[in-house]
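A short write-up of the structure that comes next.
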Amino acid sequence: MNNVQKYTKGFVTSIDGTKIGYRQMGSGPGIILMHGGANASQHFMTLGIALSDVFTVYIPDRRGRGLSGSFGENYSMQKEVEDLDAIIKKTGAHNAFGLSSGALILLEAALQLPSLHKAALYEPPLDVDNSIMDILSFMPRFDREIAEGKLADATVTQLKDFGKYFVPSWITGLPRFLLVLFFKLYYRNEEKNIKDDDVSFTILIPSFHYDYELVVEMKGTLENFKAVSGEVLLIGGSKSPYFLKHTLDELNKVLPNVNRVELEGLGHGGSLDSGKPERVAKELKKFFQ
């Protein structure tokens, strides 16, 4: 599928004055696609195109990335929900899909926003038993390396301690010094290859800190979601790690109006351009139509 399809751009202003930009394509009822950590709207283009034959698709750059303004002071889950609310009010789209931290935002939005009628959640990292916090124990080192300007080192720290659940072991098993050298070379040349509205990983990797903040903030809130009134679809991949499947198991027990789908052969990145987004689009069409 050709993901160079043209899109238009739209903008809204959130409650705190932050500009939130989004890519728009297709026609029909509206659907909003919320990306996850270290991603931006560019990583949902193939999914957006696969949905655009029946939906008007809106793909925001969440704050701190691309078309949108900065994270601002006092960043929180509430800021993200307010950003989504502004998009819903501007576009009239009442359905949304989210991946990872994007799904975590939708989970909270489903509790707060009556205007969000249906939400499809692909493996939200809601920590129900400290397992996710244990896996994210590398974050103090990651943050320190980012603060010291050691982007390549921070990337490798993330890759070895977190990426090992999502990236082939032959990559994560390489010596640290080789991986650091690779990423130093990669970042040195990356800007030359960035096109149009795409966002470089020199921006996206540091933004992972803010997705981590959302996970910390949402820890232990599982029981809250018994009060969600809208329809929710839980999506997971058969190749995804246990801790994400466990979260889906627990959400499946507490959400009042829920369906669950497991996609055989897919992992956590199944909906991204690098995954199998057409298969995810098929499930979304069934749920939202």
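The values are calculated or read from the model by the stated rules, or taken from the named source; none is laboratory data. Model, not experiment: these values are computed from the prediction. Positions of Cβ are backbone-derived with ideal geometry, glycine not excepted, and every protein chain shown enters the neighbour counts. The accessibility values were calculated without ligands, DNA or RNA, using every heavy atom of the protein model including side chains. Shrake-Rupley method; radii C 1.70, N 1.55, O 1.52, S 1.80 Å.
Taking the stated definitions as given, is Y242 within 15 Å of the chain's Cα centre (by Cα) and of a type outside the set (A, V, I, L, M, F, W, C)? Answer is no for this residue. Of all residue pairs spaced 6 or more apart or on separate chains, those with beta-carbon atoms under 6 Å, a first member in the stretch 103-119 that is closer than 16 Å to N224 by Cα and a second member that is among the acidic types (D, E) are I105/E80; L113/D85. A single entry from E73, E80 fulfils the requirement of being free of Cβ contacts under 8 Å to residues at least 12 places away in the same chain and either touching a Pro at 6+ places or on another chain (Cβ under 7 Å) or under 20 Å from D211 (Cβ atoms) (or both): E73.
Residues are listed down the side, and each one gets a yes or a no for (1) out of contact with any Cys (no Cβ under 6 Å at 6 or more places or on another chain); (2) modelled with pLDDT under 95; (3) over 18 Å from H268 (Cα atoms); (4) part of a loop (DSSP other than H, G, I, E, B):
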residue: L84; (1), (2), (3), (4): yes, no, yes, no
residue: I88; (1), (2), (3), (4): yes, no, yes, no
residue: F97; (1), (2), (3), (4): yes, no, no, no
residue: G102; (1), (2), (3), (4): yes, no, no, no
residue: L106; (1), (2), (3), (4): yes, no, no, no
residue: P114; (1), (2), (3), (4): yes, no, yes, yes
residue: L121; (1), (2), (3), (4): yes, no, no, no
residue: P124; (1), (2), (3), (4): yes, no, no, yes
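Selection of the stretch 191-208 for residues being at pLDDT below 95 and open to solvent by less than 100 Å² (accessible area, probe 1.4 Å) yields only I194.
Within the stretch 251-267, the presence of at least one residue that is crowded, with 20+ Cβ neighbours inside 10 Å, in contact with a Leu (Cβ under 7 Å, 6 or more places away or on another chain) and assigned to a helix (DSSP H, G or I) is confirmed.
Only a single item in (1) closer than 16 Å to V280 by Cα; (2) open to solvent by 20 Å² or more (accessible area, probe 1.4 Å); (3) in a strand (DSSP E or B) is not met by Q24, and it is number (1).
What about L159, is it free of Cβ contacts under 8 Å to residues at least 60 places away in the same chain, open to solvent by less than 70 Å² (accessible area, probe 1.4 Å) and farther than 28 Å from K239 by Cβ? It is false that L159 is free of Cβ contacts under 8 Å to residues at least 60 places away in the same chain, open to solvent by less than 70 Å² (accessible area, probe 1.4 Å) and farther than 28 Å from K239 by Cβ. The test for being open to solvent by 20 Å² or more (accessible area, probe 1.4 Å), in a loop (DSSP other than H, G, I, E, B), touching a Leu at 6+ places or on another chain (Cβ under 9 Å) and not charged (D, E, K, R) does not hold for G72. Of the helices (runs of 4 or more DSSP H) lying entirely inside the stretch 144-207, those carrying at least 3 residues that are touching a Lys or Arg at 6+ places or on another chain (Cβ under 7 Å) are 151-161.
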